[in-house]
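Enquirer: Just passing along the structure, written as structure tokens.
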């Protein structure tokens with residue numbers, strides 16, 4: 001189950017994975033990676049961060065647009081962004097059905113471990129760069145609403161009020 005907008009876990013900075021302690025070999029870590037990948041496939045998304053499934057750890061899963069292979073980011077951090085910006089409609093699995101025009105750096109370079117502990121530097125352009133930025137924001141306790149202008153934020157708040165009202169009616 002994906003944690004949705006307003007869920008407290010989405011607003012907490014995530015705990016780093018201890019690469020040197022053997023945490024990557026633990027059954028808990030392996031289960032987390034499997035759950036992330038399964039949820040990403042089920043939701044047909046491009047990226048998913050651990051807090052979106054209720055786990056406050058610096059782990060995310062992603063796939064390149066049009067590909068089936070799912071990759072894992074462990075303790076990712078942005079090390080470089082381009083000055084050139086790129087606007088695109090962006091959604092979030094924690095805000096289902098909502099899309100916003102968001103401007104972000106067109107290219108981003110990250111440093112990350114994979115699920116086996118291999119450190120690498122990855123350059124993401126356009127959509128892949130956007131995925132990296134979005135998922136790292138989740139790991140930093142920020143969600144898409146932090147990127148919205150006033151009009152978009154008002155739209156999100158109305159969506160949330162409508163959603164809450166519908167849930168309340170169903171409970172009656």
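Only the coordinates and a few stated rules stand behind these numbers; no lab work does. Note that this is a predicted model, so its numbers are computed, not measured. Cβ placement follows ideal geometry from the backbone for every residue including glycine, while neighbour counts extend to all protein chains displayed.
Enquirer: If you average the sequence gap of Cα pairs under 8 Å that are 6 or more apart and divide by the length of region 16-162, what percent do you get for the contact order?
Expert: 19 percent
Enquirer: In a Gaussian network model over the chain where Cα atoms closer than 10 Å are linked, find which of 109, 72, 121 has the largest mean-square fluctuation.
Expert: For the chain, modelled as a Gaussian network with Cα springs under 10 Å, the answer is 121.
Enquirer: Another question, if that's okay. Taking Cα atoms, how many degrees apart are the long axis of helix 27-43 and the longest axis of the chain, rounded to 10 and kept between 0 and 90?
Expert: The angle comes out at about 50 degrees.
Enquirer: By count of other Cβ within 10 Å, fewest leading, how are 136, 122 ordered?
Expert: With the fewest neighbours first, 136, 122 line up as 122, 136.
Enquirer: Of 62, 11, 88, which has the largest mean-square fluctuation in a 10 Å C-alpha GNM of the chain?
Expert: Per the Cα network of the chain with a 10 Å cutoff, 88 tops the list.
Enquirer: On to the next question. Over region 102-157, what is the mean sequence separation of C-alpha contacts under 8 Å (at least six apart), divided by residue count, expressed as relative contact order in percent?
Expert: Once normalised by length, the contact order is 28 percent.
Enquirer: Expressed in nm to one decimal, what extension gain is obtained for the pair residue 118 and residue 23 from 0.36 nm per residue of sequence separation less their Cα-Cα distance?
Expert: Extending this stretch completely gives an extra 32.8 nm.
Enquirer: Then there is this: Using label points projected 7 Å from each Cα along Cα→Cβ, tell me how many nm separate residue 7 and residue 56, to one decimal.
Expert: 1.4 nm
Enquirer: Angle, helix 150-171 long axis vs. longest principal axis of the chain, Cα atoms, 0 to 90°, nearest 10?
Expert: That helix lies at roughly 80 degrees to the long axis.
Enquirer: Another one. Could you work out [θ]222 nm for the chain from helices alone, using -39500 (n - 2.57) per DSSP H run of at least four and dividing by all its residues? Round to the nearest 500 deg cm²/dmol.
Expert: That comes out to -10000 deg cm²/dmol.
Enquirer: Using alpha carbons only, how many degrees (0 to 90, rounded to 10) separate the axis of helix 127-139 from the longest principal axis of the chain?
Expert: 80 degrees
Enquirer: Report the calculated FRET efficiency for residue 41 and residue 126 (r = Cβ-Cβ distance, R0 = 25 Å), to the nearest 0.05.
Expert: FRET efficiency, residue 41 to residue 126: 0.65.
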